[in-house]
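S.K.: Quick one: the structure is below, and I'll ask about it shortly.
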Amino acid sequence: MVHVRDSLQGLKFSPTLLINEEVARMRERGETVYHMGFGESPFPVHPLIQERISGYAGRNQYMPAAGLQSLRDEARRYILERHGINNDNFVAMIGPGSKELIFDIQLAVDGDLLFPVPSWVSYIPQTLITRDQVIKIFLNPDTAYKLDGATLDTAIRAARDAGRNPRKLILNYPANPTGMTYSDDELAEIAAVCREHNVLVISDEIYARVSFETYHRSIARHYPEGTIVTTGLSKHLSLGGFRVGVALVPSGMERVFTVLRAIASETFSAVSTPIQYSVMAAFQEYPEIEEYIHTCTEIHHRVTMRVWETLRRLGVDYGRPAGAFYLYPDFSSYAEMLKSRYGIRSSEDLSRELLTRMSVAALPGTAFGEHPETLRLRISSVDFNGAQILKLYYSGAWQEDDQFLDRAAPRVLEACRRIEQFFQPE
Ligand SMILES: Cc1ncc(COP(=O)(O)O)c(C=O)c1O
């Protein structure tokens, strides 16, 4: 008999991928589903990068474990510049997606993880594998689900008093699932607390370039010696399937970097060689690629704002979305109605009923670390055809036509109507 390790019994398939598969099955059966559950940016691969891929198809040698040196250099320069980090003391590591790099950092660095709730679905399951303890810090819609220095300080002190060893904080901004981000001052405040308590910040900045109105700034500006920045190409360039992530490790953390490189060398070896060569262009400030990133982000902004308007009408908004393509409404003001009309008592009930009654898929708050009875959902705004929407955008319809979104993102708009209908008084 083969036995699964006890520590991994609780490890489940990622809820985002699970709902994606469920939606695919329903669509195969001919059912119409409005997929507000998945977080994949739907734009095509930029032609320049497609061209590069075929040019490098013959490159079959292994790359160094930390990545192709010229790619590491370009990525480092680009991220420092674009994330407003005016400090040179970082080295870059290339990995197969930032998800893997975040896991490797968690594995490499000792201590318990400070986890703001809600946060992205994969951080906690990763701690099941690394066998780290998680210290949850519950956040609320009245503060736009944002962590502040005082709350963090209290959580660290309480954890220490309880005999825990908080050594790592995961911070993601613009955030999945809330779309919120931090101002420079807010980051400075969090940085000061982390410095005082000697806590490493794993700063997940994968949505940096999907920032709507503000220029993205990294917490590494304020705490360079104690921050590892992770990012990648999956969101602003819709290259999730390419599996390219980057970690910037401060040069004072040589030991951590050495271990990360060793983990790479003993597990995935290196990111695919043709991919590493072809994505170099993504970090080289080509005007056409920068323009593409800008256009895609503008489209995400406009579609996301349309979903936000729906939430405002329902009275469940919590702050203006600042980036990414998600919203995270709290439906507790509808709790009585949801219980009596639909028998809903948890976010998982809510997600299921919305899918079966309204054909709208959304992720329950439990996937982001919430208590089951907290009636929150993550609603994403990417159920549209990226190639089609770009065509409309470049035809000028974008600027002229008020009804543009009806043509460009009909499924998102229909999902919004259905969500409103679900919560309407009878
Ligand atoms: C918050 C956040 N971090 C990290 C990732 C991982 O991205 P990748 O591994 O494609 O770089 C995602 C992807 O969904 C995400 O939403």
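S.K.: Which one of these does residue 186 not meet: (1) of a type in the set (Asp, Glu); (2) open to solvent by less than 40 Å² (accessible area, probe 1.4 Å); (3) within 25 Å of residue 232 (Cα to Cα)?
M.R.: For residue 186, the exception is condition (2).
Matching residues to (1) under 22 Å from the mean Cα position of the chain (by Cα); (2) within 14 Å of the ligand (Cβ to nearest atom); (3) of a type in the set (Asp, Glu); (4) open to solvent by 40 Å² or more (accessible area, probe 1.4 Å):
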{"position": "55", "(1), (2), (3), (4)": "no, no, no, yes"}
{"position": "60", "(1), (2), (3), (4)": "no, no, no, yes"}
{"position": "70", "(1), (2), (3), (4)": "no, no, no, yes"}
{"position": "76", "(1), (2), (3), (4)": "yes, no, no, yes"}
{"position": "110", "(1), (2), (3), (4)": "no, no, yes, yes"}
{"position": "124", "(1), (2), (3), (4)": "yes, yes, no, yes"}
{"position": "135", "(1), (2), (3), (4)": "yes, no, no, no"}
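S.K.: Still on this structure: Give all pairs with beta carbons closer than 6 Å in which a residue from the range 108-137 that is over 26 Å from residue 325 (Cα atoms) and small (Gly, Ala, Ser) meets a residue that is within 16 Å of the ligand (Cβ to nearest atom) and open to solvent by less than 40 Å² (accessible area, probe 1.4 Å); count only pairs at least 6 apart in sequence or on separate chains.
M.R.: Here the result reads 108/260; 111/168, each pair linking the range 108-137 to a residue that is within 16 Å of the ligand (Cβ to nearest atom) and open to solvent by less than 40 Å² (accessible area, probe 1.4 Å).
S.K.: Only residues in the range 227-249 that are of a type in the set (Phe, Trp, Tyr) and modelled with pLDDT of 95 or more count as the first member; pair them with residues that are within 7 Å of the ligand (Cβ to nearest atom) and open to solvent by 10 Å² or more (accessible area, probe 1.4 Å), Cβ under 8 angstrom, at least 6 apart or cross-chain, and list the lot.
M.R.: Final answer for the pair search is 242/234.
S.K.: Sort out which residues of the range 36-52 are open to solvent by less than 80 Å² (accessible area, probe 1.4 Å) and modelled with pLDDT of 95 or more, and write them in order of number.
M.R.: 36, 41, 42, 43, 44, 45, 46, 48, 49, 52
S.K.: Considering only the range 78-106, state which residues are open to solvent by less than 10 Å² (accessible area, probe 1.4 Å), within 16 Å of the ligand (Cβ to nearest atom) and of a type in the set (Phe, Trp, Tyr).
M.R.: Of everything in the range 78-106, just one residue is open to solvent by less than 10 Å² (accessible area, probe 1.4 Å), within 16 Å of the ligand (Cβ to nearest atom) and of a type in the set (Phe, Trp, Tyr), namely 78.
S.K.: Another question about this same structure. Return the residues of the range 340-353 that are open to solvent by less than 10 Å² (accessible area, probe 1.4 Å) and within 19 Å of residue 179 (Cβ to Cβ); say none if nothing qualifies.
M.R.: Passing the criteria: only 347.
S.K.: Find all pairs meeting these conditions: Cβ atoms under 8 angstrom apart; at least six residues apart or on different chains; first residue within the range 199-216 and outside the structural domain of residue 299 (by TED's automatic domain parsing); second residue part of a loop (DSSP other than H, G, I, E, B) and of a type in the set (Asp, Glu).
M.R.: 216/205
S.K.: Here's a follow-up. When only residues in the range 354-371 that are in contact (Cβ under 8 Å) with a residue 12 or more places away in the chain and assigned to a helix (DSSP H, G or I) count, which is most open to solvent (accessible area, probe 1.4 Å)?
M.R.: Looking at the filtered set, the residue picked out is 357.
S.K.: Which residues, taken from the range 372-426, are buried (at least 18 other Cβ atoms within 10 Å of the Cβ) and assigned to a loop (DSSP other than H, G, I, E, B)?
M.R.: Hits for the range 372-426 are 374, 375, 381, 382, 383, 384, 409.
S.K.: On the basis of being within 16 Å of the ligand (Cβ to nearest atom) and either over 18 Å from the mean Cα position of the chain (by Cα) or crowded, with 20+ Cβ neighbours inside 10 Å (or both), does residue 152 make the cut?
M.R.: For residue 152, the condition - within 16 Å of the ligand (Cβ to nearest atom) and either over 18 Å from the mean Cα position of the chain (by Cα) or crowded, with 20+ Cβ neighbours inside 10 Å (or both) - is not met.
S.K.: Still on this model: Select from the range 268-277 the residues that are within 15 Å of the ligand (Cβ to nearest atom) and open to solvent by 20 Å² or more (accessible area, probe 1.4 Å) and list them in ascending order.
M.R.: Those that are within 15 Å of the ligand (Cβ to nearest atom) and open to solvent by 20 Å² or more (accessible area, probe 1.4 Å): 268, 272, 275.
S.K.: If a residue must be of a type outside the set (Gly, Ala, Ser) and modelled with pLDDT under 85, how many such residues does the range 2-15 contain?
M.R.: Matching residues across the range 2-15 total 3.
Quick grid of which residues meet (1) within 16 Å of the ligand (Cβ to nearest atom); (2) open to solvent by less than 40 Å² (accessible area, probe 1.4 Å); (3) closer than 24 Å to residue 378 by Cβ:
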| position | (1), (2), (3) |
| --- | --- |
| 113 | yes, yes, yes |
| 144 | no, yes, yes |
| 157 | no, no, no |
| 168 | yes, yes, yes |
| 171 | yes, yes, yes |
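S.K.: Another question, then. Quick one: in the range 239-262, of everything that is open to solvent by 20 Å² or more (accessible area, probe 1.4 Å) and within 16 Å of the ligand (Cβ to nearest atom), which residue is nearest to residue 102 (Cα to Cα)?
M.R.: Filtering the range 239-262 for residues that are open to solvent by 20 Å² or more (accessible area, probe 1.4 Å) and within 16 Å of the ligand (Cβ to nearest atom), the one nearest to residue 102 (Cα to Cα) comes out as 243.
S.K.: Given the range 10-112, what helices (runs of 4 or more DSSP H) lie entirely inside it while holding 3 or more residues that are assigned by TED's automatic domain parsing to the domain that holds residue 418 and touching a strand residue (DSSP E or B) at 6+ places or on another chain (Cβ under 7 Å)?
M.R.: It comes to 15-28.
The values are calculated or read from the model by the stated rules, or taken from the named source; none is laboratory data. Computed from a predicted structure; not experimentally measured. As a convention, Cβ positions derive from the backbone with ideal geometry for all residues, glycine included, and neighbour counts pool all protein chains shown. When the accessible area is computed, the model is the full protein with side chains, heavy atoms only, and any ligands, DNA or RNA have been set aside. Shrake-Rupley method; radii C 1.70, N 1.55, O 1.52, S 1.80 Å.
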